[in-house]
């Protein structure tokens with residue numbers, strides 16, 4: 001984690017960092033630089049009024065913890081559980097402080113959990129961890145000023161895949177006493193939702209060696225008309241997760257009459273769509289604004305429905 005000295009670094013240093021990231025975004029040379037990269041993004045946020053409750057254990061048996069972000073005085077706020085990406089192989093919740101702070105500053109209570117990664121676990125392992133994190137959040141949101149009836153799941157890349165499976169394949173949440181309809185919405189950034197056939201040996205090991213086994217990993221296979229509203233955001237120049245993934249899931253949801261918004265951002269790649277949530281890159285694409293607008297719309301609709309049903 002960056003020190004206070006890092007967070008108060010001179011403006012020219014921040015400009016130099018931004019210029020370096022822009023170069024990396026253009027060249028695709030981000031692999032292997034994650035610790036430095038996300039540390040720089042955290043430093044670029046500067047000082048905020050966001051409160052952070054760190055290292056909250058939600059699964060002691062597997063030594064899994066989460067961080068909670070919120071503004072002082074927050075009450076009955078929408079809650080967002082954010083799952084980070086990393087090809088189901090890498091990632092740490094601490095890297096994504098800037099995501100938590102960006103959403104918390106817009107009035108959300110934000111939960112960023114860790115989950116076990118491959119090769120320690122495979123599909124069942126990280127999906128069970130994700131379901132437990134969501135169930136913990138539903139049970140404890142009120143302690144942090146959140147409203148458990150306004151619970152959203154969000155993710156980037158592999159994290160979006162995990163969130164989408166929670167929102168489509170009911171058996172994951174059923175195992176923790178919930179259903180996809182308990183979610184107020186799902187927000188996916190550059191998620192792989194329809195990515196068969198598999199060729200990479202690592203992914204075959206994660207998701208199974210047979211076509212039947214691999215189908216369990218595909219959110220598009222489980223759309224049945226009982227999903228929460230979804231916002232699917234995708235860059236048109238993404239070469240890691242092809243835009244057809246978002247289009248395919250959106251098409252399936254529309255066939256079932258489910259509410260879905262598909263946002264395609266021109267000239268935005270796989271990491272740029274995530275970085276657009278950070279202060280230095282928000283001008284690249286309105287990812288943060290579209291996220292907040294979607295959440296506010298779902299909350300307003302829920303409140304309207306609750307008022308209409310009151311005698």
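The values are calculated or read from the model by the stated rules, or taken from the named source; none is laboratory data. Just so it is clear, the structure is predicted and the values come from calculations on it, not from any experiment. Methodologically, a virtual Cβ is constructed for each residue, glycine included, from the backbone with ideal geometry; neighbour enumeration extends over all protein chains shown.
Points to keep in mind about this one:
This table checks each residue for (1) in contact with a helix residue (DSSP H, G or I) (Cβ under 8 Å, 6 or more places away or on another chain); (2) at pLDDT 95 or above; (3) assigned by TED's automatic domain parsing to the domain that holds residue 125; (4) more than 22 Å from residue 280 (Cβ to Cβ).
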| position | (1), (2), (3), (4) |
| --- | --- |
| 39 | yes, no, no, no |
| 76 | no, yes, yes, yes |
| 80 | yes, yes, yes, no |
| 85 | yes, yes, yes, no |
| 105 | no, yes, yes, no |
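- Any hit, the stretch 49-62, residues being touching a residue at least 24 places away in the same chain (Cβ under 8 Å) and surrounded by 22 or more Cβ atoms within 10 Å (Cβ to Cβ): no
- Cβ-Cβ under 9 Å pairs, at least 6 apart or on other chains, the stretch 135-164 side surrounded by fewer than 19 Cβ atoms within 10 Å (Cβ to Cβ), far side at pLDDT below 95 and in a helix (DSSP H, G or I): 149/302; 149/306
- Restricting attention to the stretch 255-282 and to residues that are out of contact with any strand residue (DSSP E or B) (no Cβ under 8 Å at 6 or more places or on another chain) and in a helix (DSSP H, G or I), the residue that is farthest from residue 98 (Cα to Cα) turns out to be 255.
- Scanning the stretch 189-220 for residues that are touching a residue at least 60 places away in the same chain (Cβ under 8 Å) and either in contact with a strand residue (DSSP E or B) (Cβ under 9 Å, 6 or more places away or on another chain) or not assigned by TED's automatic domain parsing to the domain that holds residue 157 (or both) turns up 189, 190.
- Residues that are crowded, with 21+ Cβ neighbours inside 10 Å and touching a residue at least 60 places away in the same chain (Cβ under 8 Å), drawn from the stretch 282-297: 287, 291, 294, 295
- Residue in the stretch 226-240 that is in contact with a helix residue (DSSP H, G or I) (Cβ under 8 Å, 6 or more places away or on another chain) and surrounded by fewer than 17 Cβ atoms within 10 Å (Cβ to Cβ) present: yes
- Residues within the stretch 145-182 that are farther than 24 Å from residue 287 by Cβ and either outside any helix (DSSP H, G or I) or touching a strand residue (DSSP E or B) at 6+ places or on another chain (Cβ under 8 Å) (or both), tallied: 10
- Index of the failed condition, residue 251 passing every other in (1) exposed (fewer than 15 other Cβ atoms within 10 Å of the Cβ); (2) over 20 Å from the mean Cα position of the chain (by Cα): (1)
- So residue 91, is it surrounded by fewer than 24 Cβ atoms within 10 Å (Cβ to Cβ) and either under 16 Å from the mean Cα position of the chain (by Cα) or within 20 Å of residue 207 (Cβ to Cβ) (or both): yes
- Checked against (1) in a strand (DSSP E or B); (2) touching a strand residue (DSSP E or B) at 6+ places or on another chain (Cβ under 6 Å); (3) within 19 Å of residue 230 (Cα to Cα), residue 134 meets all criteria but (1).
- Some residue of the stretch 209-221 being over 27 Å from residue 169 (Cβ atoms) and either modelled with pLDDT under 95 or surrounded by 19 or more Cβ atoms within 10 Å (Cβ to Cβ) (or both): no
- Out of 250, 285, 246, sole residue that is assigned by TED's automatic domain parsing to the domain that holds residue 162, touching a strand residue (DSSP E or B) at 6+ places or on another chain (Cβ under 8 Å), in a loop (DSSP other than H, G, I, E, B) and within 25 Å of residue 103 (Cα to Cα): 285
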